[in-house]
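Data block below; observations after.
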Amino acid sequence: MAVLAQATTDEIAAALAALGPPPAHVEVRPAETGLVMVRGRIGGDGAPFNLGEATATRCAVQLASGEIGFGYVLGRDGDKARLAALADALWQSADYQMAVEQNVVGPLRARQHARLARSRDETAATKVDFFTLVRGDN
């Protein structure tokens, strides 16, 4: 789900299209947008506190074979939540699990790792090493 959450709507749609036409499914919970409370902790282990609210969209779909998939995404993108829910439901199906892993999740994960590596390389290229020279006359 983390891979789907970090992917764009177009990336998910293209990856699911590679699987062929989607199987029959219904929206159990149509895409709806609301607010969620974001909580934080000082230093990662302090007492929790309410940091603020964030907009989130959720959707749930059920395949004709009975699997129910859920999609939760930050923001107001109902299509992305719907596609993530469909991918989740397909991944739960024994008939589609390997295809979803190989054609959807795997390529999206590889693209995200490549973007992260490129960003790390670009950041590393700007690194400045500061050092102190010790003078011999002390």
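What follows draws every value from the coordinates through simple rules; no lab data is involved. Nothing here was measured: the structure is a model prediction, and the numbers come from that model. Counting neighbours? That spans all protein chains shown, and the Cβs are built from the backbone with ideal geometry, glycine included.
General remarks:
- Of interest is the spacing of the C-alpha centroids, which for the range 73-102 and the range 1-36 amounts to 5 Å.
- Residue list for the range 52-77, given a label point 7 angstrom along the Cα-to-Cβ vector of L35 and an amide N cut-off under 19 Å: 52-58, 73-77
- Simple spin-label estimate for S65 and E27 in nanometres, 7 Å along Cα-Cβ: 2.4
- Its Cα centre serving as origin, the chain has a Cβ charge dipole (Lys and Arg +1, Asp and Glu -1) of approximately 280 debye.
- Sorting the segments 1-9, 92-100, 110-118, 54-62 by their mean number of nearby beta carbons within 10 angstrom, highest to lowest, gives 54-62, 1-9, 92-100, 110-118.
- Crossing angle, helix 78-92 versus the chain [Cα axis fit, 0-90 degrees, rounded to tens]: 80
- Nitroxide proxy distance, nm - points 7 Å out along Cα→Cβ at Q102 and T8: 2.7
- Spin-label model, V128/A47: points 7 Å from Cα along the beta carbon direction are separated by 4.1 nm.
- For Kirkwood radius over Cα pairs in Å, calculated from these coordinates, the label among (i) 17.7; (ii) 15.1; (iii) 14.5: (i)
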